[in-house]
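Let me begin by presenting the structure, written as structure tokens, before commenting on it.
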Amino acid sequence: MPHATTSDKVRLYYEESGSGTPILFVHEFAGDYRNWEPQMRYFSRRHRCITYSARGYTPSDVPSDPKAYSYKHWASDAVAVLDHLKIDKAHFVGLSMGGYTVVQIGLLYPQRALSLTAAGAGSGSERAQTDEFRRHSRALADEFEKKGAAEVVRTYGMSPTRISYMIKDPRGFADFNAMFASHDSQGSAHTMRGFQSERPSIYDFEDGIRKIQVPTLIVVGDEDEPCLEPSFFLKKWISPSGLAVFPKTGHVVNQEEPALFNETVADFIARVEAGRWPARDPRSIRK
């Protein structure tokens with residue numbers, strides 16, 4: 001099984017398909033490398049596509065040290081996968097925690113990015129929600145340790161932002177939760193405590209976000225309420241950005257609406273590669 005090794009010696013399982021300009025997919029908390037399959041099959045027709053499981057998600061390593069699960073680890077791990085594959089730059093596509101990570105790439109490693117696609121990013125970032133989000137994340141970490149992933153999925157998998165997926169595609173939703181239930185419970189607990197409950201709000205990075213010059217696509221479902229305002233915030237302050245809002249769609253946009261997601265991201269990447277995704281013209285900004 002292919003693995004990339006990070007700077008702190010964590011092995012990350014990855015898969016790749018296709019050839020051409022590389023795209024690296026970064027999964028959400030409830031996902032893993034398998035959840036990008038609709039994109040791997042579509043984009044590998046024209047691109048070298050890589051998907052991987054983050055630390056804490058088998059068949060990647062599950063570090064025992066809780067301190068090995070910060071949001072900065074996720075960003076550096078994405079770069080470590082590129083380094084292992086000897087890829088200088090790639091298009092980064094991430095969902096939820098992966099979308100947050102893609103924003104961090106724009107802040108910390110912009111020289112490695114051809115473009116950034118941040119989907120469903122920023123949950124818990126709104127100031128009125130941050131404390132409760134962190135308390136809830138710590139409580140979920142305890143549940144993963146006490147009850148196991150399969151039991152936690154029964155409630156977490158039915159959170160409000162995922163209901164539209166269940167209604168729209170019951171079979172896909174069931175498959176998604178079955179994969180989620182197979183996750184390592186300790187790895188999930190560590191990720192909840194280290195990444196989810198400790199990560200800064202997206203709004204804390206405003207100064208850096210204003211300076212991002214990497215072409216950026218922001219994607220959000222209109223029924224993914226915790227991510228709507230953070231998505232508008234990113235659109236406002238990243239000059240070379242565009243915002244796509246999917247109607248009647250929740251959090252897992254890449255699987256709930258795979259055809260629309262693929263078409264939207266493919267058009268974005270094609271325009272970036274053609275040099276047709278410029279920064280916003282100052283004349284279009286209302287004073």
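The values are calculated or read from the model by the stated rules, or taken from the named source; none is laboratory data. Quick caveat: nothing in here was measured; it's all calculated off a predicted structure. Cβ: placed from backbone, ideal geometry, glycine included. Neighbour counts: every protein chain shown.
If you scan the range 10-34, which residues turn out to be of a type in the set (S, T, N, Q), without any contact (Cβ under 8 Å) to a residue 40 or more places away in the chain and in contact with a helix residue (DSSP H, G or I) (Cβ under 8 Å, 6 or more places away or on another chain)?
We begin by selecting, within the range 10-34, every residue of a type in the set (S, T, N, Q); these are 17, 19, 21.
Now narrow it down to the ones that are without any contact (Cβ under 8 Å) to a residue 40 or more places away in the chain: 17, 19.
The answer is Ser17, and nothing else.
Of the residues in the range 30-68, how many are closer than 18 Å to Ile105 by Cβ and out of contact with any strand residue (DSSP E or B) (no Cβ under 8 Å at 6 or more places or on another chain)? Adding up the residues that qualify gives 0.
I'd like the residue in the range 1-53 that is surrounded by fewer than 21 Cβ atoms within 10 Å (Cβ to Cβ) and of a type in the set (Asp, Glu) and, out of all such residues, is nearest to Val79 (Cα to Cα). The residue in question is Asp8. When Phe173 is tested against (1) touching a residue at least 24 places away in the same chain (Cβ under 8 Å); (2) buried (at least 16 other Cβ atoms within 10 Å of the Cβ); (3) more than 24 Å from Pro63 (Cα to Cα), exactly one condition is not met: (1).
Which one is farthest from the chain's Cα centre (by Cα), of the residues in the range 117-150 that are closer than 19 Å to Asp204 by Cα and aliphatic (A, V, I, L, M)? Filtering the range 117-150 for residues that are closer than 19 Å to Asp204 by Cα and aliphatic (A, V, I, L, M), the one farthest from the chain's Cα centre (by Cα) comes out as Ala128. Does the range 63-86 contain any residue that is crowded, with 17+ Cβ neighbours inside 10 Å, among the β-branched types (Val, Ile, Thr) and out of contact with any Phe, Trp or Tyr (no Cβ under 8 Å at 6 or more places or on another chain)? The answer is no; no qualifying residue exists.
Reported count of residues in the range 139-170, each being surrounded by fewer than 16 Cβ atoms within 10 Å (Cβ to Cβ) and β-branched (Val, Ile, Thr), is 3.
Could you look through the range 143-196, keep only residues that are in a loop (DSSP other than H, G, I, E, B) and modelled with pLDDT of 95 or more, and pick out the one that is nearest to Glu132 (Cα to Cα)?
Going residue by residue through the range 143-196, those that are in a loop (DSSP other than H, G, I, E, B) are 148, 157-159, 169, 182-184.
Of the ones still in play, those that are also modelled with pLDDT of 95 or more are 148, 169, 182-184.
Numbers: Gly148: 23, Asp169: 30, Ser182: 27, His183: 25, Asp184: 25 Å.
For the range 143-196, the residue satisfying everything is Gly148.
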